[in-house]
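As structure tokens, the structure follows; a few thoughts come after it.
The values are calculated or read from the model by the stated rules, or taken from the named source; none is laboratory data. Everything quoted here is computed from the prediction, not taken from an experiment. For neighbour counting, all protein chains shown are included, and Cβ atoms are generated from backbone atoms with ideal geometry for every residue, glycine included.
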2 protein chains.
Amino acid sequence: MNDARTWLTLARVPGLHAGRLAVGHDPGGLASESRAALSALGLPEAAIAALRNPDPEGLARDERWLAGPNRRLVTWGAADYPPLLAAIADPPLVLFVEGDAGALSLPQLAIVGSRNPTPLGRDTAEQFARHLAGAGLAITSGLALGIDGAGHRGALQAGGRTIAVLGCGLDVVYPREHEALAREVAASGALVSEMPTGTAPLRQHFPRRNRIISGLAVGTLVVEAALQSGSLITARLAGEQGREVFAIPGSIHNPMARGCHRLIRQGAKLVETADDIFAELGALLDGLRVGTRAEATDAQEVSAPALDKDYEILLDALGFAPAGIDTLVARTGFAADEVASMLLILELDGRVAQQPGGLFCRRLTGK
Amino acid sequence: MNDARTWLTLARVPGLHAGRLAVGHDPGGLASESRAALSALGLPEAAIAALRNPDPEGLARDERWLAGPNRRLVTWGAADYPPLLAAIADPPLVLFVEGDAGALSLPQLAIVGSRNPTPLGRDTAEQFARHLAGAGLAITSGLALGIDGAGHRGALQAGGRTIAVLGCGLDVVYPREHEALAREVAASGALVSEMPTGTAPLRQHFPRRNRIISGLAVGTLVVEAALQSGSLITARLAGEQGREVFAIPGSIHNPMARGCHRLIRQGAKLVETADDIFAELGALLDGLRVGTRAEATDAQEVSAPALDKDYEILLDALGFAPAGIDTLVARTGFAADEVASMLLILELDGRVAQQPGGLFCRRLTGK
């Protein structure tokens, strides 16, 4: 099924997502299925109506948008559909993309948070994004004011890739203050939405948008968030999707730290430095490698930070004879979980190999 | 065995603690036991020598100190030996006490942290101590500069009880800057040491001192601590002793928050308000009630904060028919673990009773 109009029609069916379809069920044939069959998919009456009687004006608007430069649809089942997003329970059938659709399949970290952060929180988001994007992770966020914008900007400053997922049609610029930023994001990575053109940025769209932010990414970092912040929804969705959740703590006197503290209490990883994120992602990307080989290769490249002093100490302690974690703990004085994390990073980096019996040995060459 | 000189002799035996004695083994007879029997207890040569040939000058100095006002020994096996301290692996045989020895058996929270806190960290320690001591918990610390002193001061400001455990003899005032504070602590609660008089505040004494701070308390709160801080040792000991560890997060740009962040990563409870501590201690004091009835009564009094709005919402949701946690979650919108914590507090407070099948019901009268 390669008919853009068919996909555009599907994009305009409320509540329809790939999770409603059985494996192998061709979404292109949905419009010609019986009312009973569509009801059995859980589609409400309004959705069935939208499927059978598409809105010609809406479709024409979508097609006009699509004719513009660097615009395309990324569709369910296509080779360029981002694999991590495909793994969530309710993947969009269609993504409207402006920019480089290939960026959607890069290893990404989502950075989200308050629309009204403290100046230090904004700086922190920008610094983390700069550092992480500089090391090769794409930074995904929602183009909102505050932390979102700082995340995109940090990635751009590093010359890295960044992806903005919108809760409105891509022809609706929201927020207006970020119009120029949206242009830069499209040039660096991609602007993405599952909402057809003309869709207004209504409050109820944002949780759906947030599942795409968390679903594209291997993990979500919350920088500053009040207890009512929508970024806590993104974090919850990330957790439900089996992705890592990271949160940056703050002073107990800073109300913008409350949401992060709640997340940490609920099991989010407390993050002080960008390297803390790499330490966790080492294990996570390692797990993902099983399913998606191409992505794992990227992940290996991404998660190899320049060797800092602790890693050098660990490699020195390892020497060139196999040793277990307990031995390395005794030799270095580092905690066992620190040693384990560092070994994973070093393994991904090609500097260490694991042997049977839980022993690790050094490799003479990195990759 | 009521002979003070015998106990003072035991206090001067390096490495001797109650953990070396079998249940029912009378420490008063140790001096007359054979060298082989003493070796079998794991006592090194120097300890055996100190036991058989006590230092007369040291004992005389101890006795002179003991003759002063409000001074006494609290000894292993005596009715006033603090029960929580008795439960650790290596309880002191003898405690030198100036002040109210009975204070040692009160429910206590240890507050420890950096000797060089930020001004805000110092304020935070003082505020938490004031709030917790005002609600009836005694505050235990080490009389050090910085967070320790702020903890003692906060308790004193609230008219509460505070206990200082020293790493030197009680006739050695350390640190000098806290001489006046030490007088106030002795008047409010107690100054305590297991070290005989004349013992200098050597660095190697502090881990031993710290096990008493954590061992007296139901939990240890770390307010600000660098990664090398001795208060992390106290926190580790608290964990090993099965006590709760609490840590206050801070900005990632504050080096004094690093130690707390490490503790949180390792499983310490992240604390934003004093009520967070009561919420956790509810369960903990409930557990302790099994073993120590008198203390549990105090604990009930302590852990009953004035009802805030959330508790009122929960009680309203509970009504007067038994309901389970899931039902209460659905009625209130609170998280399940919040509801569980609040129910424990309300149970301790006599406002709620648990019934078979995990159901809770409201009681018509508080205690």
Taking the conditions exactly as written (part of a helix (DSSP H, G or I), at negative phi and either among the charged types (D, E, K, R) or within 11 Å of chain B (Cβ to nearest Cβ) (or both)), does A:A238 satisfy them or not?
no
Checking A:L43 against (1) free of Cβ contacts under 8 Å to residues at least 60 places away in the same chain; (2) within 30 Å of A:A187 (Cα to Cα), which test does it fail?
(2)
Residue that is surrounded by the fewest Cβ atoms within 10 Å (Cβ to Cβ), among those in region B:236-253 that are of a type in the set (D, E, K, R) and under 13 Å from the mean Cα position of the chain (by Cα):
B:E244
When you go through (1) in a helix (DSSP H, G or I); (2) of a type outside the set (G, A, S); (3) closer than 30 Å to B:A274 by Cβ one by one for A:I213, which number turns out not to apply?
(3)
Output yes when any residue across region A:208-215 is more than 22 Å from B:K269 (Cβ to Cβ), within 12 Å of chain B (Cβ to nearest Cβ) and of a type outside the set (D, E), and no when none is.
no
Looking at region A:313-335, which of the residues that are part of a loop (DSSP other than H, G, I, E, B) and farther than 24 Å from B:Q266 by Cβ is modelled with the highest pLDDT?
A:P322
Against the condition in a helix (DSSP H, G or I) and under 30 Å from the mean Cα position of the chain (by Cα), how does A:E57 come out, does it pass?
no
Test for B:A180: is it touching a residue at least 60 places away in the same chain (Cβ under 8 Å), in a helix (DSSP H, G or I) and surrounded by fewer than 17 Cβ atoms within 10 Å (Cβ to Cβ):
no
Filtering strands (runs of 3 or more DSSP E) wholly in region B:64-156 for at least 2 residues that are among the basic types (K, R) and at negative phi gives B:71-75
So, in region A:271-283, of the ones that are more than 16 Å from A:I111 (Cβ to Cβ) and surrounded by fewer than 23 Cβ atoms within 10 Å (Cβ to Cβ), which residue ends up modelled with the highest pLDDT?
A:A279
Hey, among the residues in region A:22-34 that are in a loop (DSSP other than H, G, I, E, B) and free of Cβ contacts under 8 Å to residues at least 24 places away in the same chain, which one's surrounded by the fewest Cβ atoms within 10 Å (Cβ to Cβ)?
A:V23
Output the number of the condition that A:L221 fails; it satisfies all remaining conditions of (1) away from chain B (no Cβ under 14 Å); (2) buried (at least 24 other Cβ atoms within 10 Å of the Cβ).
(1)
Restricting region B:247-259 to residues that are in contact (Cβ under 8 Å) with a residue 60 or more places away in the chain and among the hydrophobic types (A, V, I, L, M, F, W, C), which is farthest from the other protein chains (Cβ to nearest Cβ)?
B:M256
Test of understanding: among A:A317, A:A340, A:A323, which residue is in contact with a strand residue (DSSP E or B) (Cβ under 7 Å, 6 or more places away or on another chain), farther than 19 Å from B:L227 by Cα, buried (at least 16 other Cβ atoms within 10 Å of the Cβ) and free of Cβ contacts under 8 Å to residues at least 40 places away in the same chain?
A:A323
Scan of region B:130-142 for residues that are buried (at least 24 other Cβ atoms within 10 Å of the Cβ) and either within 14 Å of chain A (Cβ to nearest Cβ) or out of contact with any Asp or Glu (no Cβ under 7 Å at 6 or more places or on another chain) (or both), ordered by number
B:L132, B:A133, B:L137, B:A138, B:I139, B:T140
Answer with yes or no whether B:R35 is at pLDDT below 95 and more than 26 Å from the chain's Cα centre (by Cα).
yes
Qualifying position, being hydrophobic (A, V, I, L, M, F, W, C), over 21 Å from A:E244 (Cα atoms) and without any contact (Cβ under 8 Å) to a residue 40 or more places away in the chain, among A:V185, A:V173, A:V97, A:V192
A:V173
Identify all residues within region A:89-104 that are at pLDDT 95 or above and of a type outside the set (D, E, K, R); write none if there are none.
A:P91, A:P92, A:L93, A:V94, A:L95, A:F96, A:V97, A:G99, A:A101, A:G102, A:A103, A:L104
Number of the condition not met by B:M256 [criteria: (1) at pLDDT below 95; (2) in contact with a Leu (Cβ under 8 Å, 6 or more places away or on another chain); (3) buried (at least 17 other Cβ atoms within 10 Å of the Cβ); (4) in a helix (DSSP H, G or I)]
(2)
Check off (1) crowded, with 24+ Cβ neighbours inside 10 Å; (2) of a type outside the set (G, A, S); (3) out of contact with any Pro (no Cβ under 7 Å at 6 or more places or on another chain) for B:V173 and give me the number that stays unchecked.
(1)
Would you confirm whether or not region A:8-17 contains a residue that is basic (K, R), closer than 29 Å to A:D171 by Cβ and assigned to a helix (DSSP H, G or I)?
no
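One line per residue, one yes/no per condition, for (1) of a type outside the set (A, V, I, L, M, F, W, C); (2) in contact with a strand residue (DSSP E or B) (Cβ under 7 Å, 6 or more places away or on another chain):
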| site | (1), (2) |
| --- | --- |
| B:R64 | yes, no |
| B:A67 | no, no |
| B:P82 | yes, no |
| B:I88 | no, no |
| B:F96 | no, yes |
| B:E126 | yes, no |
| B:G136 | yes, no |
| B:T140 | yes, yes |
Which residue, of A:P119, A:P107, A:P91, A:P82, is more than 14 Å from chain B (Cβ to nearest Cβ) and surrounded by fewer than 22 Cβ atoms within 10 Å (Cβ to Cβ)?
A:P91
Within region A:47-70, of all residues that are of a type in the set (G, A, S), under 11 Å from A:T197 (Cβ atoms) and free of Cβ contacts under 8 Å to residues at least 40 places away in the same chain, the one surrounded by the fewest Cβ atoms within 10 Å (Cβ to Cβ) is A:G68
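Table: residues versus (1) surrounded by 22 or more Cβ atoms within 10 Å (Cβ to Cβ); (2) in contact with a Lys or Arg (Cβ under 9 Å, 6 or more places away or on another chain).
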position: B:A87; (1), (2): no, no
position: B:T124; (1), (2): yes, no
position: B:F128; (1), (2): yes, no
position: B:R161; (1), (2): yes, no
position: B:V165; (1), (2): yes, yes
Among the residues of region A:265-278, which ones are within 11 Å of another protein chain (Cβ to nearest Cβ) and in contact with a helix residue (DSSP H, G or I) (Cβ under 7 Å, 6 or more places away or on another chain)?
A:A268, A:K269, A:L270, A:V271, A:E272, A:A274
Scan (1) over 18 Å from B:A235 (Cα atoms); (2) surrounded by 23 or more Cβ atoms within 10 Å (Cβ to Cβ) for the single condition B:G151 breaks and write down its number.
(1)
